[in-house]
Amino acid sequence: SGAESGLYQAQTNQAQAQVALLEKQIQDATLKSPTDGKVAEVNKREGEITQITESVISLLPSAPFQINVDIYEEDIVKVQIGNPVDIEIAAFPNEIFKGRIILIDPAEKLISNVVYYEIKIDFENPPQEIKSGMTADVTIKTMQKDNVLTVPDGAVTRKDGKETIEILKGKKIEKVEIKTGLKGSDGTTEVISGIKEDERVVVR
């Protein structure tokens, strides 16, 4: 009957909700390592209280090398564990290696009276010839979008809360209002709306 069907559906919905709740509890109770490796030391037991600066679990990564980088306090809020990183090593010119952030030290460190935070970056495929102590330049990708429309940042004028750009239409220069998105590290800015691909942008 319709009443029985409704009762079964309600019981099914209740069971599905219970499953979702249990899956969420399992997820919240699971610690996941940001990198491959072996647990070397566990410093706390279930139920014990820990401070933010204390190490709970020590992990020995499978990768033989990591990169330590000091990040300025205004930039540390932009990075997260798991962010991909492009790695350039002085000893290997014209090569870019891949990595990702596996640790952000919660304790600050002072360098020339400026606050920094240390992060650790794990190599995905380090070169066999790499040696400890080599100098590396890193580019941390905090946000990334593919296949977007970009313009040189110098072409965008920002005034009174509006963003405008000049485009060439025939022999005339026309100013149009645009909406921008992410700002790239290469001097470009994403344009979400206002112009189309292949329009000629004026840079002054």
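Observations, loosely collected:
- Here r is the Cβ-Cβ distance between residue 125 and residue 153 and R0 is 25 Å; the resulting FRET efficiency, rounded to 0.05, is 0.15.
- Where labels lie 7 Å past Cα in the beta-carbon direction, separation of residue 7 and residue 190 in nm: 5.3 nm
- Cβ-based net charge around residue 81, under 11 Å, with every Lys or Arg adding one and every Asp or Glu removing one: +2
- Per-peptide average of other Cβ atoms within 10 Å, ordering 164-175, 103-114 highest first: 164-175, 103-114
- Whole-percent carbon and sulfur share, accessible surface of region 53-145, 1.4 Å: 47 percent
- Accessible surface, per residue, of region 151-204 when the full set of protein chains is kept, probe 1.4 Å, Å²: 73 Å²
- Between residue 52 and residue 96, the distance separating the two model label sites (each 7 Å from Cα on the Cα→Cβ line) works out to 3.4 nm.
- Pairs from the table (98/145; 145/171; 32/120; 24/78; 78/183; 32/78) lying more than 25 angstrom apart at Cα are 145/171; 24/78.
- For the pair residue 109 and residue 146 in one chain, pulling the backbone fully straight at 0.36 nm per residue adds 9.8 nm over the alpha carbon distance.
- For the chain, the C-alpha radius of gyration divided by 2.2 N^0.38 Å, with N the number of residues, is 1.53.
- Normalising the average separation of contacting C-alpha pairs (under 8 angstrom, six or more residues apart) by the number of residues puts the relative contact order of region 109-203 at 23 percent.
- If you wrap region 97-204 in the convex hull of its Cα atoms and look at it from every side, the mean projected area works out to 11.6 nm².
The values are calculated or read from the model by the stated rules, or taken from the named source; none is laboratory data. As the structure is a prediction and not an experimental result, all values here were calculated from the model. Note: ideal-geometry Cβ built from the backbone for every residue, glycine included; neighbour counts use all protein chains shown. Please note that ligands, DNA and RNA were not included when accessible areas were found on the heavy atoms of the full protein model with its side chains. Shrake-Rupley method; radii C 1.70, N 1.55, O 1.52, S 1.80 Å.
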